[in-house]
Amino acid sequence: MDGRDTILTIGSLFSGIGGFELGLERTNGFKTIWQCEIDPFCCKVLEKHWHDVKRLSDIKQMGIEEEIPYVDLICGGFPCQPVSIAGLKKGVEDERWLWPEFYRIICEVRPRWIIIENVRNLLSIEKGRLFKKITEDLSKL
């Protein structure tokens, strides 16, 4: 394992079919502990490849009834439809704008590392205000 004696743990938000987890685990330095995905098809794919991993379906319910297990790294790409040039570009007015939930989970878990992915238009939508808010939120941590 390249001189490392510790495996870092992963929590995945908006997991999709597990792209982040797969890439990280292939380095032999990471192990997925939990995933959060609401799409039924994606959940079937995740179950096939990570059958022993805790799976949560609704980010809005995470941490409400039970504590979210600590992980070293949280990764994910919150839904891009609110900011994508292919969408209606409603930003925070879109019910799919879930950055606040992503941030809430980061604050609750307090991982050592975070990997966040989204679309290019995030930088410019609403004259950069949404991106600025995300960077301000992260700088608070």
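Which of the residues spanning the stretch 82-110 are open to solvent by less than 80 Å² (accessible area, probe 1.4 Å) and over 14 Å from the mean Cα position of the chain (by Cα)? Of everything in the stretch 82-110, those that are open to solvent by less than 80 Å² (accessible area, probe 1.4 Å) and over 14 Å from the mean Cα position of the chain (by Cα) turn out to be 82, 83, 84, 87, 91, 92, 94.
Kindly establish whether residue 61 is out of contact with any Ser or Thr (no Cβ under 9 Å at 6 or more places or on another chain), surrounded by 11 or more Cβ atoms within 10 Å (Cβ to Cβ), of a type in the set (S, T, N, Q) and farther than 13 Å from residue 14 by Cβ. Outline the logic, then answer.
Values: out of contact with any Ser or Thr (no Cβ under 9 Å at 6 or more places or on another chain): yes; surrounded by 11 or more Cβ atoms within 10 Å (Cβ to Cβ): yes; of a type in the set (S, T, N, Q): yes; farther than 13 Å from residue 14 by Cβ: yes.
Here the answer is yes, as residue 61 does meet what is asked.
When residue 115 is tested against the conditions (1) touching a Gly at 6+ places or on another chain (Cβ under 8 Å); (2) touching a residue at least 40 places away in the same chain (Cβ under 8 Å); (3) in a helix (DSSP H, G or I), the lone failure is (3). Criterion applied to 41, 20 was being part of a helix (DSSP H, G or I) and over 16 Å from the mean Cα position of the chain (by Cα), and the one residue passing it is 41. Checked against the criteria, residue 133 does not count as open to solvent by 90 Å² or more (accessible area, probe 1.4 Å) and touching an Asp or Glu at 6+ places or on another chain (Cβ under 7 Å).
Out of the stretch 1-31, which residues are modelled with pLDDT under 95 and not small (Gly, Ala, Ser)?
Within the stretch 1-31, the first condition is being modelled with pLDDT under 95, and the residues that meet it are 1-6.
Across the stretch 1-31, the qualifying residues are 1, 2, 4, 5, 6.
Number of residues in the stretch 9-58 that are open to solvent by 90 Å² or more (accessible area, probe 1.4 Å) and within 18 Å of residue 105 (Cα to Cα): the value is 1. From the list 14, 20, the one residue that fits, being touching a helix residue (DSSP H, G or I) at 6+ places or on another chain (Cβ under 9 Å) and closer than 16 Å to residue 115 by Cβ, is 14.
From the list 50, 34, the lone residue that is at pLDDT 95 or above and under 17 Å from residue 101 (Cα atoms) is 34.
The values are calculated or read from the model by the stated rules, or taken from the named source; none is laboratory data. Note that the structure is predicted; figures quoted are calculated from it, not measured. FYI the Cβ positions are ideal-geometry reconstructions off the backbone, even for glycines, and counts take in every protein chain you see. What goes into the accessible areas is simple: the full protein's heavy atoms, side chains included, and nothing from ligands, DNA or RNA. Shrake-Rupley method; radii C 1.70, N 1.55, O 1.52, S 1.80 Å.
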